[in-house]
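Since the structure comes first, as structure tokens, the remarks are kept for the end.
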Amino acid sequence: MRSVTVNTDASFSKITGHGSYAFWIVCDGFRIKRSGVFKEKPRNPHEAEARAILNAMHVLLKFLPGIEVVYLNTDSLNCIHVFNKDKKNIQRYRLRYLFPYRDKLEKIKKENNQAGVRIDFRHVKSHTGIDDKRSYVNEWCDTNAKARLKEFLLKEGLWIDFKKHNDNGK
């Protein structure tokens, strides 16, 4: 069975509405690490997290055929609820507006002839201070998503104190 582990994170500025992403993909013998700023502004941090997942899955499925299982680590419980079709929590947290991202993920799988890929979403708590691989990679994704957003906002002359106005007040 060919399995791949994907870690994603996003950052979102409530002040400017811009967002960024980072992902880390690892499989036998290779690793892909990317980060950047979204071309279009996400509406909120949850949408940014969903887009980060789509970006990672697009790269993975386009360039690596024959995957059977993806273990996708994210610190976004809302995305996990939506992608896992958890009706109770979708209703509880009013997450129906994220359904188009779930549909886009299915489209990405079909476009790359990988509709049968099973995705096992796993929650990773952020900023735990735990010294393990999963926490290290989550911290890398968090740090790089924030760095790309800061670079973009500085370049555009939109920079405001990042620590006060990032995605979760971290």
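The values are calculated or read from the model by the stated rules, or taken from the named source; none is laboratory data. The structure displayed is predicted, hence computed values, not measured ones. When we count neighbours, we look across all protein chains shown, and the Cβ atoms used for this are built from the backbone with ideal geometry, even at glycine.
Looking across the range 1-42 at every residue that is surrounded by 16 or more Cβ atoms within 10 Å (Cβ to Cβ) and among the aliphatic types (A, V, I, L, M), the one that is farthest from residue 66 (Cα to Cα) is identified as 37. Pairs meeting the criteria (first residue in the range 85-104 and exposed (fewer than 11 other Cβ atoms within 10 Å of the Cβ), second residue modelled with pLDDT of 95 or more and of a type in the set (Val, Ile, Thr), beta carbons under 7 Å, at least 6 apart or on different chains) are 96/90.
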